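Q: Right, I'll just put the structure down here and ask away after.
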Amino acid sequence: MKALTFSTFGNSDVLEYIEIPNPHLKQDEILVEMKAIGLNFADVYRRKGNYHLKGNPPFIAGYEGAGIVVDANNHPEYKIGDRVAFADVPFANAELVVVNTNHVLPLPEAISFETAAAILLQGLTAHYLATDSHKTLKGETVLIHAVAGGVGQFLTQISKLLGANVIGLTSSADKAKVALEQGADHVFLYNEDWKSDIFKTIPNGVDVVYDSIGSTLMESFEVTKECGQVVFFGMAGGDPEPINPRMLMDTSKTLTGGDLWSYLNSKEERIKRANQLFNWIIEGKITLATPTSFKLSEGKLAHDYLESRKSTGKIILIP
């Protein structure tokens with residue numbers, strides 16, 4: 001089979017699209033022929049050598065995608081030709097991927113391979129943030145950092161679906177337009193006085209802030225109302241400053257950490273959460289922009305485009 005690989009760490013020049021042996025199945029695994037694969041910043045971090053990575057050189061990145069079963073390995077609940085997807089299976093940047101049966105997500109006919117590859121990781125992240133890290137209530141005001149990013153767009157739509165008002169933060173007027181199209185009520189720019197803008201909009205502060213930047217964590221607390229909450233789930237802008245517990249006590253504010261892998265902890269949880277996303281899409285309650293597609297053999301171009309930060313939607317790879 002062909003796979004997008006790298007044997008040394010570095011920029012996109014280290015990527016190689018090469019022929020490697022087909023994988024071998026263990027008892028609890030099936031084989032999937034990939035039709036669409038999601039590209040994420042985590043794959044860039046793996047290529048650079050600063051994120052967890054499984055296997056030995058030549059390394060294969062990728063954890064998200066969709067395809068059809070080509071070897072059910074005697075598992076009675078699957079048959080050849082079944083449409084399936086996954087959000088947390090390594091070595092996805094290949095024509096064939098071994099998938100543990102606990103990680104298989106049945107794919108409804110109404111959901112395309114491309115849609116599944118574009119929504120699962122970011123959509124499931126937005127889902128747990130809005131329903132577990134913070135249980136969104138009707139009438140609340142939420143603040144979303146990086147609102148035009150993949151998670152930000154889905155988190156905006158899910159928050160609106162649950163009845164919240166959404167304020168977004170982003171870096172440019174073009175990205176602000178994208179966020180408004182996703183349903184955000186207000187969008188402010190990082191290079192302006194966004195904290196003052198928030199207090200002009202909601203004088204007592206917001207109910208919850210979703211902070212994926214890290215370096216903005218203290219500012220997030222500044223715009224959160226008393227008894228409010230900050231959910232910290234990423235460090236795109238660098239490590240946050242240490243938080244003083246005395247500040248939390250004095251203001252009755254809460255800091256919550258968030259990581260998707262804490263919630264995708266069983267076959268039942270994976271399927272339940274994915275089906276909720278799929279149903280929202282089928283019912284038209286959330287939408288996603290058409291992803292930008294590259295051939296898997298064009299992986300270098302796809303990585304370059306992702307790192308350019310010119311994209312506002314999802315990038316997928318097609319074997």
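The values are calculated or read from the model by the stated rules, or taken from the named source; none is laboratory data. Here the structure is a predicted model, which is why all the values come from computation and not from measurement. Virtual Cβ from ideal backbone geometry, glycine too; neighbours counted across all protein chains shown. Keep in mind that these areas ignore ligands, DNA and RNA; they rest on the heavy atoms of the full protein, side chains included. Shrake-Rupley method; radii C 1.70, N 1.55, O 1.52, S 1.80 Å.
Q: Please state which of the following conditions ILE213 fails to meet, knowing it meets all the rest: (1) under 30 Å from GLU307 (Cβ atoms); (2) of a type in the set (Val, Ile, Thr); (3) crowded, with 22+ Cβ neighbours inside 10 Å.
A: Checking ILE213 against (1) under 30 Å from GLU307 (Cβ atoms); (2) of a type in the set (Val, Ile, Thr); (3) crowded, with 22+ Cβ neighbours inside 10 Å, the one that fails is (3).
Q: While we're looking at this one, here's another question. Restricting attention to segment 270-288, which residues are in a loop (DSSP other than H, G, I, E, B) and buried (at least 16 other Cβ atoms within 10 Å of the Cβ)? Talk me through it step by step, then tell me what you get.
A: Pass one, segment 270-288, residues in a loop (DSSP other than H, G, I, E, B): 283-288.
Within segment 270-288, ILE286, LEU288 meet the criteria.
Q: Please give the number of the condition LEU53 fails out of (1) under 24 Å from PHE294 (Cα atoms); (2) modelled with pLDDT of 95 or more; (3) not basic (Lys, Arg).
A: Failed condition: (2).
Q: Do the conditions hold for LYS79, that is, is it farther than 30 Å from THR254 by Cβ, outside any helix (DSSP H, G or I), in contact (Cβ under 8 Å) with a residue 24 or more places away in the chain and open to solvent by 40 Å² or more (accessible area, probe 1.4 Å)?
A: Values: farther than 30 Å from THR254 by Cβ: yes; outside any helix (DSSP H, G or I): yes; in contact (Cβ under 8 Å) with a residue 24 or more places away in the chain: no; open to solvent by 40 Å² or more (accessible area, probe 1.4 Å): yes.
Spelling it out, it is not the case that LYS79 is farther than 30 Å from THR254 by Cβ, outside any helix (DSSP H, G or I), in contact (Cβ under 8 Å) with a residue 24 or more places away in the chain and open to solvent by 40 Å² or more (accessible area, probe 1.4 Å).
Q: Filter segment 161-175 down to the residues that are open to solvent by 10 Å² or more (accessible area, probe 1.4 Å) and more than 18 Å from the chain's Cα centre (by Cα) and list them by number. So that I can check it myself, show each step before the final result.
A: Step one: list which residues in segment 161-175 are open to solvent by 10 Å² or more (accessible area, probe 1.4 Å), which gives 161-163, 165, 171-175.
Selection gives LEU161, LEU162, GLY163, ASN165, SER171, SER172, ALA173, ASP174.
Q: Moving to a separate point now. Open to solvent by 20 Å² or more (accessible area, probe 1.4 Å), touching an Asp or Glu at 6+ places or on another chain (Cβ under 9 Å), outside any strand (DSSP E or B) and assigned by the TED database to the domain that holds ILE282 - does that describe any residue in segment 100-118?
A: Kept after step one, since they are open to solvent by 20 Å² or more (accessible area, probe 1.4 Å), are these residues of segment 100-118: 100, 102-103, 106, 108-110, 112-115.
The next check asks that each one be touching an Asp or Glu at 6+ places or on another chain (Cβ under 9 Å); those that pass are 100, 102-103, 106.
Right, trim to outside any strand (DSSP E or B) and you get 102-103.
Now narrow it down to the ones that are assigned by the TED database to the domain that holds ILE282: 102-103.
Yes, there is a match, as at least one residue in segment 100-118 is open to solvent by 20 Å² or more (accessible area, probe 1.4 Å), touching an Asp or Glu at 6+ places or on another chain (Cβ under 9 Å), outside any strand (DSSP E or B) and assigned by the TED database to the domain that holds ILE282.
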